[in-house]
1. Could you tell me how many of the residues in region 1-31 are among the acidic types (D, E) and surrounded by fewer than 17 Cβ atoms within 10 Å (Cβ to Cβ)?
2. Return the total of residues in region 181-212 being part of a helix (DSSP H, G or I) and within 16 Å of ligand 1 (Cβ to nearest atom).
3. Within region 50-59, track down each residue that is within 9 Å of ligand 2 (Cβ to nearest atom) and over 9 Å from the mean Cα position of the chain (by Cα).
4. Across region 110-166, what is the total count of residues that are surrounded by fewer than 16 Cβ atoms within 10 Å (Cβ to Cβ) and basic (K, R)?
5. Within region 70-104, work out how many residues are of a type outside the set (K, R), surrounded by fewer than 20 Cβ atoms within 10 Å (Cβ to Cβ) and closer than 14 Å to V55 by Cα.
6. Any residue in region 115-127 that is within 16 Å of ligand 1 (Cβ to nearest atom) and either at pLDDT 95 or above or under 20 Å from F86 (Cβ atoms) (or both)?
7. Looking only at residues that are free of Cβ contacts under 8 Å to residues at least 40 places away in the same chain and away from ligand 1 (no atom under 12 Å from the Cβ) in region 154-174, which one is farthest from F12 (Cα to Cα)?
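The values are calculated or read from the model by the stated rules, or taken from the named source; none is laboratory data. Keep in mind that what you see is a predicted model, and the values were worked out from it rather than measured. Don't worry about glycine lacking a Cβ; one is built from the backbone with ideal geometry, like all the others, and counts go over all protein chains shown.
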Amino acid sequence: MLRYRTVPVTPFQQNCSIVWCDETMCAAIVDPGGELPRLLDEVQRLGVRLEQIWVTHAHIDHAGAVGQLARERQLPVIGPHEGDRFWIEGLPQQGAMFGFPPAEPFTPTRWLHDGDTITLGHCTVQVRHCPGHTPGHVVFHSPEAKRAFVGDVLFAGSIGRTDFPGGDYQTLVDSITQRLWPLGDDVVFIPGHGPESSFGQERRSNPFVGGT
Ligand SMILES: [Zn+2]
Ligand SMILES: [Zn+2]
């Protein structure tokens with residue numbers, strides 16, 4: 001079964017999650033945006049073995065420490081979708097704009113596509129491509145654990161911003177209603193910022209995508 005621990009990092013309080021297979025203790029870090037020492041302390045405390053880096057999208061608060069972590073630990077970078085290539089190439093400018101430490105460049109080991117699967121120990125996670133916030137945004141879904149790591153696609157009571165380059169409001173709404181809702185009302189999601197919620201709860205009450 002897939003388990004996880006969420007550690008908010010960076011001044012943006014981005015929900016970085018450490019996920020692991022509890023049979024093998026193989027682990028991945030989802031969206032290491034910064035504060036690597038804190039994240040690695042937590043990995044050690046949990047007693048898991050870090051094997052992969054997963055990236056939902058390449059905004060600096062989600063991907064700022066991916067390059068350094070991949071280099072230092074020799075880890076494969078899985079995701080995002082290739083639509084975010086320009087955001088990855090723009091990480092230095094993003095860092096300067098938001099006052100982040102300089103981000104090391106990286107090239108994903110594996111670009112992801114809608115319908116892909118990722119194996120972590122004995123766990124299998126499904127990939128959904130959910131553009132709108134960024135063109136290459138992906139979501140990681142564990143049907144077994146009924147959990148989804150959705151980055152900045154959907155929040156409790158809100159949805160991702162669409163005013164950045166490559167963002168599009170209707171595309172984002174379509175991603176949520178056509179690619180997330182079918183995963184099931186009982187799926188609990190871990191958003192990129194703020195508290196967890198479930199797809200069912202948002203389907204009922206979210207002011208942007210409720211009633212859809
Ligand atoms: Zn973002
Ligand atoms: Zn974010």
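1. Keep residues of region 1-31 that are among the acidic types (D, E), which gives 22-23, 31.
Those left that are additionally surrounded by fewer than 17 Cβ atoms within 10 Å (Cβ to Cβ): 22-23.
Selection size over region 1-31: 2.
2. Summing the residues that are part of a helix (DSSP H, G or I) and within 16 Å of ligand 1 (Cβ to nearest atom) in region 181-212 gives 0.
3. Looking only at region 50-59, we keep the residues that are within 9 Å of ligand 2 (Cβ to nearest atom), and these are 56-57, 59.
Across region 50-59, the qualifying residue is only H59.
4. 2
5. Initially, region 70-104 is screened for residues of a type outside the set (K, R), giving 70, 72, 74-84, 86-104.
Going one step further and asking which of them are surrounded by fewer than 20 Cβ atoms within 10 Å (Cβ to Cβ), we end up with 72, 74-76, 82-83, 86, 89-90, 92-99, 101-102, 104.
Filter once more, so that each one left must be closer than 14 Å to V55 by Cα: 75-76, 82-83.
So the answer is 4.
6. Here is the first cut: in region 115-127, the residues within 16 Å of ligand 1 (Cβ to nearest atom) are none.
No.
7. The qualifying residue farthest from F12 (Cα to Cα) is Q170.
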